[in-house]
1. Quick one: Karplus J couplings for the range 163-177, per residue in order, coefficients 6.51, -1.76, 1.60, θ = phi - 60°, nearest Hz, x for Gly and Pro?
2. Run down the aspartates and glutamates and flag those whose C-alpha is under 19 Å from the C-alpha of Lys22, throwing out any fewer than 8 positions away in its chain.
3. Given springs between every Cα pair under 10 Å in a Gaussian network model of the chain, which of Glu170, Glu116, Glu96 has the largest fluctuation?
4. Taking the chain as a Gaussian network, where each spring joins two C-alpha atoms under 10 Å apart, which residue of Glu26, Glu188, Glu91 fluctuates the most?
5. Residue-wise, which Karplus ³J(HN,Hα) couplings in Hz belong to the range 94-111, taking 6.51 cos²θ - 1.76 cosθ + 1.60, θ = phi - 60°, and x for glycine or proline?
6. Let me check the size of the chain from its C-alpha atoms; what are the radius of gyration and Dmax in Å?
7. Would you mind checking which residues have amide H under 5 Å from Glu169's amide H? H placed 1.01 Å from N; only 5 or more apart, or other chain.
8. Label Asn31 and Lys163 with points 7 Å out from Cα along Cα→Cβ: what is the distance between them in nm?
Amino acid sequence: MKLTKVINKNHRHRTMGISGMKIQREFAMANKNTFKCPPIEGFVNYYLRDSCISVDPFARNYCGAKYNNDLNPKTKSEYHLKALDFLIMLEEKDTEPDLVIFDPPYSMEQCKRSYESYGYKFTYDDTLYVGRWSKEKDVLSRIMPVGSMFLHFGWHTNGMGLKRGFRIEEIKIIAHGGGKYDTLCMAERRISKQRKLF
Ligand SMILES: C[S@@+](CC[C@H](N)C(=O)[O-])C[C@H]1O[C@@H](n2cnc3c(N)ncnc32)[C@H](O)[C@@H]1O
C-alpha cells in the first residue's frame, strides 16, 4: 500500500493510506486506565473537542464524556448499569450522540472477572456475546446520526462496520513493548443510515 506522511492543521503527524484512512503507530507504557496512556488520551481528546453529546458506556473513572457509565458501582461514572441498559435508557430519552467512546473489557477473561467482582453472574450467553457487543452496537446504530463518530479501543478493529453504515477514518496502534498486546484505537464515522447489502 502506498503511504504518504501528512501533517494536519493541528500539526499531528499522520500516515495516510491511499484509501484516505489514517494509520499511525506509537510506543507508550500500558495503563489499566486506558485514557491515562498519553497518546490514547490525545486520540480521545482530539475527537472530544468537537463534540457536544458524547457517550461512554464503559467509562471506569474517566469522566470526559457528557454521559458516562460503568457497571462497577465503585467507579466515578454517573451511571452504573450494564452498557446495554444504559444505551437503551439514552435511546428512550431521544439522545443523539455525536461521539461514542467504546472501551469495553478486552477479553472474555477480563469481562468475567469484572462481572464476578461486582456480584453479577457470568453466564453461558455472556460467553457467546462478550467481545461482539452486538446488542449495544444495534442500539447505537439506531441513535447515532450521520456524521457522528464512534471510537473503539481494544485488541481488534471490529467496530460498528460498514453494514451499520460506518467507515473507518483513523487507526492508531499503541505498542506497549515487552510482548504485551498493542492497544488499537479506531475512529469510525457514520456515513449512512442504511445497512449496506453488499
Ligand atoms: C477497559 S475498561 C475502561 C477503561 C476506561 N476507558 C479508562 O480509560 O479508564 C472497561 C470497563 O468496562 C466495565 N464493564 C465491564 N462490563 C460492563 C458492562 N456490561 N457494562 C458496563 N460496563 C462494563 C468494567 O468495569 C471496566 O471498568
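1. Per residue, the Karplus-derived 3J(HN,Hα) values read 4, 8, x, 10, 10, 6, 9, 8, 10, 10, 9, 10, 8, 10, x Hz.
2. Straight-distance partners of Lys22: Glu41, Asp50, Glu169, Glu170, Asp182, Glu188.
3. Of Glu170, Glu116, Glu96, the most mobile in the Gaussian network model is Glu116.
4. Result: Glu26 has the largest fluctuation of those listed.
5. Whole-Hz 3J(HN,Hα) from phi for the range 94-111: 6, 6, 10, x, 8, 8, 10, 9, 10, 10, x, x, 7, 8, 5, 4, 4, 5.
6. So, for the chain, Rg and Dmax equal 16.7, 51 Å respectively.
7. Amide H neighbours of Glu169: Ala187, Glu188, Arg189.
8. Reported label-point gap for Asn31 and Lys163 is 3.5 nm.
Every number here is computed from the coordinates shown, using simple stated rules; none is lab data. As the structure is a computational prediction, the values presented were derived from the model and not from experiment. Virtual Cβ from ideal backbone geometry, glycine too; neighbours counted across all protein chains shown.
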